[in-house]
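The values are calculated or read from the model by the stated rules, or taken from the named source; none is laboratory data. None of the values given here were measured: they were computed from a predicted structure. Glycine also receives a Cβ, built like all others from the backbone with ideal geometry; neighbour counts cover every protein chain displayed.
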Amino acid sequence: MSQDIPKEQWAQVIHKTGGPVEYKKIPVQKPGPDEVLINIKYSGVCHTDLHAVNGDWPLATKLPLVGGHEGAGVVVAKGDLVTDIEIGDYGGVKWINGSCLQCSFCQQADEPLCSQALLSGYTVDGTFQQYCIAKAAHMARIPKECDLEAIAPVLCAGITVYKGLKESGVRPGQSVAIVGAGGGLGSLACQYAKAMGLDIIAIDGGDEKRDMTKKLGAQHFVDFTKSKNIVNDVKAATEDGLGPHAVILVAVNEKPFQQAAEYVRPRGTVVAIGLPAGAYLRAPVFESVIKMITIKGSYVGNRKDSAEAIEFFRRGLIKAPYKTCGLSELQKVYDLMHEGKIAGRYVVDTSK
Ligand code: NAD
Ligand code: ZN
């Protein structure tokens, strides 16, 4: 390891499920032979990080835990087996921190489905610290011309919605409803959908999120807090009134997961991405059959999806709004997120 790597660093640590997070100094780890150590400069805060604090998924986290999985920084050390990454390269830590690379899923580039996958900020320590480890094979390669602060949210939110839009099969010129469009994933989904040439119906609550999603490229907005009939309003927002070709569900409440099948267009696809605690998808069998709809889940993205999502950003196609605060203020971000008050994404600066 190079000499200027400190032995100790600032981090936000969860000691027990339910929180709170504690801002404290912890040791800097050394990378293993197939790993890199990244000096995280900025990390986005994803709603998944809040699910991890609250322990509301049927999957246990490691404890104590350093959360975070949208980390952008600079490679400062690497193991002996790492030959294609240099010290000083820009690197990103994403949700899939590592995978076995050998199972049938890894072999077919479905590595998020690997049963051995390491999850940043969940089963291994993540990016709410100044120095974070990632398996070199899975480190996101970030081109040098990219701004590390602005690209951080792409490393989970961007990759995930880009993948979800591809999974929906929607084509340029068709329409997509983005449910939860004013949040972190949603705001990036608006930008990717715009770059893909889609007609966007944004669904979220409040004027701030309406104005933001319109700026990001949404042609229509349905306010779930005001609408008397979401199904009719979403259908009415499409040109022929038959509903959107695809629905991207990135909301954090169960209700829209039980409505989407009713407004998606015949032959359309509903893609569930958001993970509200204890929620169920629901669809009327009769309409689902006679409309021949598809309902599917989509989970982050593989290494190629990640590289493609980053390339959209590098080309200047993705400019989603974010606010930045110090890593020390993470609890404040969780409080705002819990109340649904964040339009876009929060990014934490690990130097503060
Ligand atoms: P966020 O808190 O930034 O955004 C959620 C948005 O949903 C908010 O704007 C909120 O107002 C909106 N919302 C709530 N109820 C709604 C309703 N009834 N209709 C429409 N909008 C509604 O959260 P985020 O960081 O964007 O994450 C969203 C979800 O996606 C989380 O559950 C997260 O864990 C999950 N996630 C899944 C994957 C995956 O791979 N599938 C990856 C990352 C995040
Ligand atoms: Zn995430």
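At a glance:
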{"quantity": "Lone unmet requirement of (1) in a loop (DSSP other than H, G, I, E, B); (2) over 18 Å from Trp95 (Cβ atoms); (3) within 14 Å of ligand 1 (Cβ to nearest atom) for Val300", "calculated": "(2)"}
{"quantity": "Conditions (1) surrounded by 21 or more Cβ atoms within 10 Å (Cβ to Cβ); (2) under 22 Å from the mean Cα position of the chain (by Cα); number of the one not met by Gln116", "calculated": "(1)"}
{"quantity": "Among the residues listed as Gly274, Gly243, Gly268, the single one being at pLDDT 95 or above and within 16 Å of ligand 2 (Cβ to nearest atom)", "calculated": "Gly274"}
{"quantity": "Looking only at region 184-229, and only at residues there that are over 26 Å from Thr324 (Cβ atoms) and hydroxyl-bearing (Ser, Thr, Tyr), the one that is surrounded by the fewest Cβ atoms within 10 Å (Cβ to Cβ)", "calculated": "Thr225"}
{"quantity": "Odd one out for Ala307 among (1) within 24 Å of Leu198 (Cα to Cα); (2) among the small types (Gly, Ala, Ser); (3) not assigned by TED's automatic domain parsing to the domain that holds Leu101", "calculated": "(3)"}
{"quantity": "Matching residues in region 152-201 - criterion: being outside any helix (DSSP H, G or I), closer than 21 Å to Phe224 by Cα and within 16 Å of ligand 1 (Cβ to nearest atom)", "calculated": "Val176, Ala177, Ile178, Val179, Gly180, Ala181, Gly182, Gly183, Ile200, Ile201"}
{"quantity": "Single residue of Gly67, Gly91, Gly55 found to be without any contact (Cβ under 8 Å) to a residue 60 or more places away in the chain, within 15 Å of ligand 1 (Cβ to nearest atom) and surrounded by 14 or more Cβ atoms within 10 Å (Cβ to Cβ)", "calculated": "Gly55"}
{"quantity": "Residue within region 310-320 that is within 16 Å of ligand 2 (Cβ to nearest atom), touching a strand residue (DSSP E or B) at 6+ places or on another chain (Cβ under 6 Å), in contact (Cβ under 8 Å) with a residue 24 or more places away in the chain and assigned by TED's automatic domain parsing to the domain that holds Gln12 present", "calculated": "no"}
{"quantity": "Where Lys7 falls short, out of the listed (1) more than 22 Å from Lys135 (Cβ to Cβ); (2) over 24 Å from the mean Cα position of the chain (by Cα); (3) in contact (Cβ under 8 Å) with a residue 40 or more places away in the chain", "calculated": "(3)"}
{"quantity": "Selection count, region 59-101, where residues are of a type in the set (Ser, Thr, Tyr), over 22 Å from Gln116 (Cβ atoms) and part of a loop (DSSP other than H, G, I, E, B)", "calculated": "1"}
